Each structure stands twice: as C-alpha cells, then as structure tokens.
1. Run residue 43 past the list (1) within 16 Å of ligand 2 (Cβ to nearest atom); (2) outside any loop (DSSP other than H, G, I, E, B); (3) farther than 17 Å from residue 127 by Cβ and report the number of the one that doesn't hold.
2. Please determine whether any residue of segment 113-131 is touching a strand residue (DSSP E or B) at 6+ places or on another chain (Cβ under 6 Å) and within 16 Å of ligand 2 (Cβ to nearest atom).
3. Within segment 204-216, does at least one residue satisfy the condition of being under 29 Å from residue 20 (Cα atoms), in contact with a helix residue (DSSP H, G or I) (Cβ under 9 Å, 6 or more places away or on another chain), at pLDDT 90 or above and not in a helix (DSSP H, G or I)?
4. Just one of 59, 48, 26, 16 is within 22 Å of the chain's Cα centre (by Cα), within 16 Å of ligand 2 (Cβ to nearest atom) and surrounded by fewer than 22 Cβ atoms within 10 Å (Cβ to Cβ); which is it?
5. Need the failing condition index for residue 149 against (1) free of Cβ contacts under 8 Å to residues at least 40 places away in the same chain; (2) in a loop (DSSP other than H, G, I, E, B); (3) surrounded by 13 or more Cβ atoms within 10 Å (Cβ to Cβ), just the number.
6. For segment 100-110, check the following and say yes or no: at least one residue is on the phi < 0 side of the Ramachandran plot, more than 16 Å from ligand 1 (Cβ to nearest atom), outside any strand (DSSP E or B) and in contact with a strand residue (DSSP E or B) (Cβ under 8 Å, 6 or more places away or on another chain).
7. Could you look through segment 157-185, keep only residues that are surrounded by 17 or more Cβ atoms within 10 Å (Cβ to Cβ) and over 20 Å from the mean Cα position of the chain (by Cα), and pick out the one that is farthest from ligand 1 (Cβ to nearest atom)?
8. When you go through 183, 176 one by one, which is the residue that is over 18 Å from residue 9 (Cα atoms), assigned to a helix (DSSP H, G or I) and without any contact (Cβ under 8 Å) to a residue 60 or more places away in the chain?
Ligand code: ADP
Ligand code: MG
C-alpha cells in the first residue's frame, strides 16, 4: 500500500499557466522515475494550490505505468512521527530499511522538517541512498528551497540538486475550468454565470474554491432551491472573509473584452487595431485605478509592455474621457460592472 489516493490523477489535474512547469516536470518524472535530471523534483507553492494532488498524481501514474515499482507517499509530519516511534521501539533499522528499499519516495510538506534535526539527519541518509541508486525523490513544500528556514544546509543543498517548480494561484479561466471539471465528475451542471461568479470571488486557493462549491450545493439541497446567481451571491457573502475584495487584472481584462466584444488574447498581443488598442488602454487605466498593481506589473500583464506604455495609456484614457462623450460612457459602463461584482 503506497498510501496513494487514487482520486489524485493527472487526468483531473487541470493545466494552466500557474502549474505548467510543475505539471510537465511531474509528468516526465512519472514516465521515467529516476531517469530524468529532475531528481529531486520539488514542487512548491502556497497552501491549497494543488501540490499534494500533483505529487500523488505522479505516484499514481508511476504505479499505472510501472506496477512493480515500489512507491511510497508520506507526509513529512508522518515521517517525523514514525521516526520518533521507531526510536522509542528500537526499530530504527526497520524504519530506514523500509524507506531505502523504495524506488520512489514522495514526501509532502518538507517545510515541516523545520527544527527536527534528528529526523532531518535520518532523511539525509535515506535521500543519499536513494539518489545514489538512481531512485526518484519527489518533494513538496510551501516555499522554495532557498527560503526554507530551519532546515539543515546539507539537506537544503540536496533539495536544490534537481528541479524546483512552483505552483501559483490559477487565473480566472483555469479556476473556472477546475470548477467545471469537478462538477462534471460529480454529475452536476452549473450555470456558466454561477461558475464565473464563484471563480471570481475566490482567488486565493483551489481548496477554498471547491469548498465554496460544496457549500453552494449543500445550500441548494437543504433549501430546495435551484443553484443560480442569487443563491451564489447570498451564500458567498458569508463565505468570503474579506468583503472588500481586491479586483484582479484578469477580471478587468475579461470585463473590458466582453464589453467591446474583442478576444481576450488580443489585448495581450501586439495587435494595433483601433478597438484592440482602446480595450487595452482602458484595461490598463482600470488596473491602475482599481488594483494595487504597480505600473510595471500592469504593463507586463497586458502583453509584456513597459511602465511608460501604461502611463501613456492612462493619460490617453483620461484625455478621452474629457473630450469624447461616447468614450466616457464606455468607461463608466465598464466601471459600473466592475463595482457590481
Ligand atoms: P496543497 O497540497 O497545495 O495544499 P491540494 O493538492 O490539497 O493543495 O489541493 C487542494 C484541492 O484543490 C484538492 O482537492 C485538489 O484536487 C484541488 N486542485 C488544486 N489544483 C488543481 C488543479 N489544477 N486541477 C484540479 N484540481 C485541483
Ligand atoms: Mg498538501
């Protein structure tokens, strides 16, 4: 029993910009454990973004392709506990031998090694043994190796040997795709506007996103109400901790593009058609006034432009608001939608 959860697969792990490198490195490792330069593979990122899912998907994929491989998934916490128990019971050798016999070890949340020197020492030896025998090590952590405080230098230096790949919060489209996939596999169909609303409101964690959806389903069943945008709104009022939620650039871009009926990708492209330029400049203007993003990050979000382009765009929009009535209406309309969300 490799302690793997069968539900965590590549199949149901939605790919996005936020996890592309980690996912593809994971996939490479899954198909050639120990045989890539990604050893160890360290997946890091904030809580609730899919580290455990991806790490387990790698394990499940290995077992699917290579059923004879010995794969173990263990949380760092559990490993520490097992170590303490083995000290108590005088079974240290069994403990070490068990792990050293593995072909693949997946250790989740290695930041929990902090302060546990003896367990780190033992893991250091297990790691070396496995690595030298060409076995695969997969780690997850809430920080990149360089920021892991409380871990011994020699262990950290090992962690840096292979590849460290981060997982970030998925963008709006990816969050919507995750929700849809999840609902679909549960046999539930949701109105598009509900999916969008929920994905918009919850932009810090995939776990919370799923949690919100579960509450929504529960509310609907309990109150025998259809899941619609009103139910979603009343439910999320209690769910979202921070009422004055920040507006994201993703959302601005989406609203503006919907309004002008231009494809979202165009705004980030180099296209200089008038309506695209207009959508791009208004998006930048709204991002400057309604998000905390810096000019630099606004520029880079909207197609890798520099901060002077953003300043120029904002100036242009302000001028047009003064001189062009129709333009002013456009901007006001979009602003209203932005605030209504
Ligand atoms: P972490 O280990 O980083 O705290 P988890 O792996 O436990 O996060 O993920 C939290 C939840 O979000 C899980 O139910 C997981 O299946 C889901 N999840 C996260 N990322 C994705 C994704 N890209 N596609 C589908 N589900 C995801
Ligand atoms: Mg986890």
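The values are calculated or read from the model by the stated rules, or taken from the named source; none is laboratory data. All figures in this text were calculated on a predicted structure; none of them were measured in a lab. Using ideal geometry, Cβ is built from the backbone for each residue, glycine included, and neighbour counts are taken over all protein chains shown.
1. Condition not satisfied by residue 43: (3).
2. no
3. Yes, segment 204-216 contains a residue that is under 29 Å from residue 20 (Cα atoms), in contact with a helix residue (DSSP H, G or I) (Cβ under 9 Å, 6 or more places away or on another chain), at pLDDT 90 or above and not in a helix (DSSP H, G or I).
4. Values: 59 fails: surrounded by fewer than 22 Cβ atoms within 10 Å (Cβ to Cβ); 26 fails: surrounded by fewer than 22 Cβ atoms within 10 Å (Cβ to Cβ); 16 fails: within 16 Å of ligand 2 (Cβ to nearest atom).
Every option except 48 fails the conditions.
5. Going through (1) free of Cβ contacts under 8 Å to residues at least 40 places away in the same chain; (2) in a loop (DSSP other than H, G, I, E, B); (3) surrounded by 13 or more Cβ atoms within 10 Å (Cβ to Cβ) one by one, residue 149 breaks only (3).
6. Filtering segment 100-110 for residues on the phi < 0 side of the Ramachandran plot gives 100-108, 110.
From the residues that got through so far, the ones that are more than 16 Å from ligand 1 (Cβ to nearest atom) too are 100-105.
Filter again for outside any strand (DSSP E or B), leaving 100-103.
Now narrow it down to the ones that are in contact with a strand residue (DSSP E or B) (Cβ under 8 Å, 6 or more places away or on another chain): 102-103.
Yes, some residue in segment 100-110 is on the phi < 0 side of the Ramachandran plot, more than 16 Å from ligand 1 (Cβ to nearest atom), outside any strand (DSSP E or B) and in contact with a strand residue (DSSP E or B) (Cβ under 8 Å, 6 or more places away or on another chain).
7. Taking the candidates together, the pick is 158.
8. Working: 183 fails: over 18 Å from residue 9 (Cα atoms).
Checking each option against the conditions leaves just 176.
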